[in-house]
Amino acid sequence: MQMSGAQMVCEAIIAEGVKTVFGYPGGAIMHVYDEIYKQNGFEHILNRHEQASVHAADGYARATGEVGVAMVTSGPGFTNAVTGLATAYMDSIPMVVISGQVPLSLIGTDGFQEIDAVGISRPCTKHNFLVRTLEELPRILKEAFYIARSGRPGPVLVDVPKDITVEIGEFSYPDSVNIPSYKPTYKGNNRQIEKAVEAIKSAKKPLLYIGGGVVLSNASDLVRELAEKTQIPAVETLMARGVMGSKNPLLLGMLGMHGNYASNMAMSETDLVISFGARFDDRVTGKLSEFAKYADIIHVDIDAANIGKLVDVDYPIVGDVTKVIEKMLPLLDDVNPDRYNAWREILKRYDDLHPQSYVDSDEVIKPQWAIERIGELVGEDAIITSDVGQHQMWAAQHYPFDRPRQWINSGGLGTMGFGFPAALGAKRAHPEKTVINITGDGSILMNMQELVTAAEYKIPVINLILNNHFLGMVRQWQTFFYEKRYSETDLSFQPNFKALAEACGGIGYDVSTKEEFDAAVKDAIEQDKVCFMNVQTNRFEDVLPMVPAGGALFNMMLPQKTESKKENS
Amino acid sequence: MPKILKERRVISVVVMNESSVLARVTALFAARGYNIASLTVAPIPNSDMSHITLETNGGVKVMEQITKQLHKLIPVYKVIEHEEMVEKEMVLIKFPIAENLSDIAALCAAYNGGIANVGKEMVIAQVADEPKRVRHFIEAAQRYNPCEIVRSGVVAIER
Ligand SMILES: Cc1ncc(C[n+]2csc(CCOP(=O)(O)OP(=O)(O)O)c2C)c(N)n1
Ligand SMILES: [Mg+2]
């Protein structure tokens, strides 16, 4: 069929089954927007900032497992999108971003709104394309979606010069992709898998170390099955919250800098780390030379470059977690789960000694209380997104996540401003679910213009602002490591969050008591409008436990012990 | 701390012929602060691929990470960390015409090279040999007051 390059872009998006595109128009991408106007294969949501468009597409992808799509214009449109690309890149999120570019004849001339998009995005995309001819456009679009979702997923940029969007040519969307130089390994070497299983059977203190790759691979059920079958305890990374389920007795909790005592001690004492889709990030390992010092390591990862990057691995297995566990399970038929009884006992004692706890208050709302309360009120039904800071860590520690893709946060890049637009994407993907962005008084301002988007498109997400009048996480470090010099972290000067939400067509709640909290949450869920829930919390609460950066995992700063321990259910 | 051995390494990277592929390869080195000592690129005859030869320095772990990261690049088809290789490099040296031409010619001959061009004021010598021999040739050539030296970088092929 004959059509313009702009039409081809739309046809490809439709052919890929994408229902929602997030974006922002401008000169170089106008022909594509003209075609968007004419078609009805997908909806387009006009965010109020390109960064938000990319985060929204990212949230959509994280909530569904499908490729998210964002569209931006050249120059500033593209540069605004870069933080979104980098955020998705660090967490391996499948996404295609289509950017307009100045006409081919102007490339390299410092044309109006020209910027080298492929050059800038090279280190923060899985791959990128600058389209040079109309003939290659269909193939490039097909490859972009394929590359984004296959192997270790990631964002792909397609930069389309304006003249190519106008040009008319033959369109047939390829059914398959053949990139001879790109063949991801899914299967996992059988011999290695057998050896790893033997190691599991002869270990005394094995530990499942579960990372975000399990979520990406949709392998949660398999991981649970393996844990159940072997009765091996598990720790989750920040990105894997929800994989085991909060009620699972084998789950010790989250490990790492703000991991709980039992998880970090388990990692310090285990004799066999069984890592699925985790990448031994520095926020997880602490001091490397002390990390899992007594353990052999099984590392299952689809990305060979992750294996042996930071720690020496005894059983490297390059492959998709799903495929590898499918092979492991039958080999584990004769495993004796009682073998690990003593180990589980030790860990239980660790957890009894220092459970995930905090000191609650009757005077003021504690942030941890707010998160646990939200968990009680909406629990399994909700999707929780978050921004970056203390509130993010408390959410990861205290919310009862029960399924994968329920927890959406920027773990790798740690992007403040991610939570609200990501919530829009998640809500668009799952309109039936309550979507709550747990955020801070600092972070929420970094994409607050999305109030307008949410109001216009009636995307009723709840922004739970845990308001400590601080850039709290930075303030915490200043308290611990900079002798309380609170340099540029005091946010005493605040907007009127309630009025701000209302001015943009949303709802605002001011909350300072537990009663008000319950009432506001109840009301917000029933409303079909976006809201800001401004929750006053105490200012100087710290996220604990904490392993100081570069310290050994077992050297944790622990919370104060209390009579009436409030345990993390 | 274990001793980190920084050895000279030669890596071949076979890539799809695409405009930005060289930038992707070199950016990977730059982003990690690894040095590229020499670099050659040319298309592989009768194919849509090119052969990049890189000369670099690094310990075993660093090299492992480099080769894995190179392999991850979408247009990279194959990465060969050379062990048993035949490698050659070429050098062109420009001498003033006033130098002793027969001495220079004899020196070139000793390194399997020769005089490539003689002009009004300059003579240009060429040698293609193993990188170590090329280095020796350059050292020996110093006494004839070379005014310009251009090396090609290494090409290598596994034995
Ligand atoms: C875009 C961006 N800029 C700066 C930072 C550094 N940073 C990490 S946490 C934080 C404070 C966040 O404050 P707030 O959103 O109020 O959350 P709190 O820690 O108070 O819960 C800052 C500034 C970041 N992660 N992202
Ligand atoms: Mg704050």
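The values are calculated or read from the model by the stated rules, or taken from the named source; none is laboratory data. The structure presented is a predicted model; accordingly, all values stated were derived computationally and were not measured. Don't worry about glycine lacking a Cβ; one is built from the backbone with ideal geometry, like all the others, and counts go over all protein chains shown. In case anyone asks, the SASA skips ligands and DNA or RNA and just uses the protein heavy atoms, side chains included. Shrake-Rupley method; radii C 1.70, N 1.55, O 1.52, S 1.80 Å.
Here are some notes:
- Kirkwood Rh and Cα Rg combined as Rg over Rh, evaluated for region A:48-177: 0.96
- Antiparallel bridges, percent of DSSP beta bridges restricted to the protein assembly as shown (to nearest 5): 45 percent
- Those lysines that a straight Cα-Cα span of less than 28 Å connects to A:LYS433, excepting residues fewer than 8 apart in one chain: A:LYS19, A:LYS247, A:LYS366, A:LYS458, A:LYS498, A:LYS514, A:LYS522, A:LYS529
- Heavy-atom accessible area with a 1.4 Å probe sorts A:ASP490, A:ASP360, A:ASP58, largest first, into A:ASP490, A:ASP360, A:ASP58.
- Under 16 Å from the Cα of A:LYS162 - aspartates and glutamates, other chains or at least 8 residues apart: A:ASP34, A:GLU35, A:ASP110, A:GLU114, A:ASP116, A:GLU135, A:GLU136
- Projected-area mean, region B:7-83, by convex hull of Cα positions, square nanometres: 4.8 nm²
- Residue-level accessible surface for B:CYS147, protein heavy atoms, 1.4 Å, Å²: 70 Å²
- Computed 3J(HN,Hα) for region A:258-271, one whole-Hz value per residue from the Karplus formula 6.51 cos²θ - 1.76 cosθ + 1.60 where θ = phi - 60°, is 10, x, 7, 4, 4, 5, 5, 5, 4, 5, 6, 10, 4, 9, glycine and proline marked x.
- Normalised by 2.2 N^0.38 Å, where N is the number of residues, the alpha-carbon radius of gyration of region A:118-239 equals 1.53.
- P(r) tail fraction, region B:86-158 - alpha-carbon pairs more than 18 Å apart, %: 31 percent
- Beta bridges assigned by DSSP with both partners in region A:441-569 are antiparallel in approximately 15 percent of cases.
- Only lysine pairs 8 or more places apart, or on different chains, with alpha-carbon atoms under 23 angstrom apart are counted in chain B, and they number 13.
- Whole-Hz ³J(HN,Hα) from phi, Karplus 6.51 cos²θ - 1.76 cosθ + 1.60, for region A:144-160, glycine and proline x: 4, 5, 5, 5, 4, 9, 8, x, 7, x, x, x, 10, 9, 10, 9, 10
- Charge tally around B:ILE97: other residues with Cβ under 12 Å, Lys/Arg +1 each, Asp/Glu -1 each, net 0.
- Kirkwood Rh and Cα Rg combined as Rg/Rh, region A:190-353: 0.91
- Dipole-positive endmost among A:TYR358, A:VAL102, A:PHE532 within the protein assembly as shown (Cβ charges, Cα centre): A:TYR358
- Put simply, the C-alpha atoms of chain B give a gyration tensor, and the ellipsoid matching it has half-axes of 34, 18, 13 Å, longest first.
- List of region A:181-224 residues, accessible area with partners at least 40 Å² below that of the chain alone (1.4 Å probe): A:SER181
- In terms of accessible area, using a 1.4 Å probe and ignoring ligands and nucleic acids, A:VAL215, B:VAL134 rank largest first as A:VAL215, B:VAL134.
- In order through region A:503-510: 3J(HN,Hα) via Karplus (6.51 cos²θ - 1.76 cosθ + 1.60), integer Hz, x for Gly, Pro: 5, 9, x, x, 10, x, 10, 9
- Angle in degrees between helix B:131-141 and the longest Cα principal axis of chain B, rounded to the nearest 10: 30 degrees
- For region A:207-287, the extents of the C-alpha atoms along the principal axes are 31, 24, 22 Å, listed from largest to smallest.
- Surface calculation, 1.4 Å probe, protein heavy atoms: A:ARG122 sits at approximately 60 Å² accessible.
- Under the criterion of Cα pairs below 8 Å and six or more residues apart, the relative contact order for region A:2-170 equals 28 percent.
- Taking the helices alone, chain B has a mean residue ellipticity at 222 nm of -8500 deg cm²/dmol, built from -39,500 (n - 2.57) per DSSP H run of at least 4 residues and averaged over all its residues.
- With a 10 Å cut-off around each Cβ of A:131-144, the average count of Cβ atoms from other chains is 0.
- Taking A:TYR350, B:TYR77 and ordering them by how much accessible surface each has at a 1.4 Å probe, largest first, produces B:TYR77, A:TYR350.
- Take A:GLU170: with every protein chain present and a 1.4 Å probe, its accessible area is about 110 Å².
- Projected area, mean over directions - the protein assembly as shown, Cα convex hull, nm²: 37.5 nm²
- Helix-only [θ]222 nm of chain A, DSSP H runs n ≥ 4, -39500 (n - 2.57) each, per residue, nearest 500: -10500 deg cm²/dmol
- Each listed q (0.17, 0.22 Å⁻¹) maps to a log10 I(q)/I(0) for region A:428-569, found by the Debye formula over equal Cα scatterers with no solvent: -1.01, -1.29.
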